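**Q** One structure coming up, written as structure tokens, with questions to follow.
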Amino acid sequence: MKALVLEFFRAVFDSVRDLLPIVLVVGFFQLLVLQQPLPNLDKILYGGLMVVLGLTLFIRGLEIGLFPIGEAMAHGFARKGNIWWLLAFAFALGFSTTVAEPALIAIAEEAAKVASGGGMIADTDLARDDYALGLRITVALSVGAAVTIGVIRIIKGWPIQYFIIGGYIGVVIMTAFAPPEIIGIAYDSGGVTTSTVTVPLVTALGVGLASSIKGRNPMIDGFGLIAFASLTPMIFVMGYGILI
């Protein structure tokens, strides 16, 4: 019990250390540059405490639960030897983690509000909900496809740089044809997909799979799935903008 308590306080200390640069930056500009007191100091302190505790529990959850289960399932599918089940799992994992990504939900809802305000879609709740849902599904499909391609790359041992170069060439080409209103959203979609839910499980899948295949180096071959996951949404969302 004592060891668990010490481990928890050590994790809290690590979270405080990680958040300290943000606190120093905000405090410097608020107190020395703007020369204004912090508004609602009691709420800020309470919120900061919640952030520290939330970050501590979240990181411990990743270490205890998500990373091990991702690696264990990758090992299991590799031992099973059926590539189609592995690819189906990779796609389903990429899709499900992305469609539940809080950052993606937030940006999709904001994009729907801006689109309705700018006259791109009808100014109704139904139109905004449909637009946001369509955007989320498009991004989730793109990440599912990206993780599937990344898994094939790990199995085959193909160099990652050719995929990344080809992908960004595709982004440039799509940018030339996509409506200007969707380009910024597409580029941001590539960033918000690689957030709290998606990154741990997808990274664990890549590392676990590379560890399970003879001749693959987890350091060289296991990483890189997140690069695919942040690249393909840009292409898919611009395609979504062209279609609608």
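The values are calculated or read from the model by the stated rules, or taken from the named source; none is laboratory data. All values reported here derive from a predicted model rather than from experimental measurement. Note that we place each Cβ from the backbone using ideal geometry, even for glycine, and neighbour counts take in every protein chain shown. These area figures cover heavy atoms from the full protein model, side chains too; ligands, DNA and RNA do not enter into them. Shrake-Rupley method; radii C 1.70, N 1.55, O 1.52, S 1.80 Å.
**Q** When you scan region 64-75, do you find a residue that is open to solvent by 60 Å² or more (accessible area, probe 1.4 Å), at pLDDT below 75 and acidic (D, E), even just one?
**A** For region 64-75, residues open to solvent by 60 Å² or more (accessible area, probe 1.4 Å), at pLDDT below 75 and acidic (D, E): present.
**Q** Could you check region 175-199 and list, in sequence order, the residues that are open to solvent by less than 30 Å² (accessible area, probe 1.4 Å) and among the hydroxyl-bearing types (S, T, Y)?
**A** S189, T193, T198, listed by residue number.
**Q** Turning to a different aspect of this structure: Please verify whether T138 is more than 15 Å from the chain's Cα centre (by Cα) and among the polar types (S, T, N, Q), treating the condition exactly as stated.
**A** no
**Q** Just checking, how many residues over region 1-36 are surrounded by fewer than 10 Cβ atoms within 10 Å (Cβ to Cβ), under 32 Å from the mean Cα position of the chain (by Cα) and not aliphatic (A, V, I, L, M)?
**A** The number of residues fulfilling the criteria is 2.
**Q** Hey, another quick one. Looking for whichever is among the hydrophobic types (A, V, I, L, M, F, W, C) and open to solvent by less than 40 Å² (accessible area, probe 1.4 Å) here; the options are V172, V147. Which one fits?
**A** Criteria check complete, one pass: V147.
**Q** Can you tell me which residue is most open to solvent (accessible area, probe 1.4 Å) among those in region 37-52 that are in contact (Cβ under 8 Å) with a residue 24 or more places away in the chain and hydrophobic (A, V, I, L, M, F, W, C)?
**A** So the residue we want is V51.
**Q** Something else about it: Here are some residues: R153, R136. Which one is open to solvent by 50 Å² or more (accessible area, probe 1.4 Å) and basic (K, R)?
**A** R136
**Q** Next question. When you check F223 against the structure, is it aromatic (F, W, Y), over 11 Å from the mean Cα position of the chain (by Cα) and over 24 Å from I107 (Cβ atoms), yes or no?
**A** yes
**Q** Would you be able to tell me the number of residues in region 141-186 that are among the hydroxyl-bearing types (S, T, Y), within 30 Å of A115 (Cα to Cα) and under 21 Å from the mean Cα position of the chain (by Cα)?
**A** Counting residues in region 141-186 that are among the hydroxyl-bearing types (S, T, Y), within 30 Å of A115 (Cα to Cα) and under 21 Å from the mean Cα position of the chain (by Cα) gives 2.
**Q** If you go through region 202-244 one residue at a time, how many are in contact (Cβ under 8 Å) with a residue 12 or more places away in the chain, over 30 Å from A176 (Cβ atoms), assigned to a loop (DSSP other than H, G, I, E, B) and not charged (D, E, K, R)?
**A** Of the residues in region 202-244, 4 are in contact (Cβ under 8 Å) with a residue 12 or more places away in the chain, over 30 Å from A176 (Cβ atoms), assigned to a loop (DSSP other than H, G, I, E, B) and not charged (D, E, K, R).
**Q** From the list L55, L87, which one is open to solvent by 30 Å² or more (accessible area, probe 1.4 Å) and either under 24 Å from D14 (Cα atoms) or in a helix (DSSP H, G or I) (or both)?
**A** L55
**Q** Looking only at residues that are in contact with a Leu (Cβ under 8 Å, 6 or more places away or on another chain) and not β-branched (V, I, T) in region 145-180, which one is farthest from S211 (Cα to Cα)?
**A** Once the filter is applied, the top-ranked residue is Y168.
**Q** Quick one: which residue in S142, S116 is under 21 Å from T194 (Cα atoms), part of a helix (DSSP H, G or I) and open to solvent by less than 30 Å² (accessible area, probe 1.4 Å)?
**A** Checking each option against the conditions leaves just S142.
**Q** Please work out which one of (1) open to solvent by 30 Å² or more (accessible area, probe 1.4 Å); (2) under 30 Å from E109 (Cβ atoms) is the condition A229 fails and give its number.
**A** Of (1) open to solvent by 30 Å² or more (accessible area, probe 1.4 Å); (2) under 30 Å from E109 (Cβ atoms), only one is false for A229: (1).
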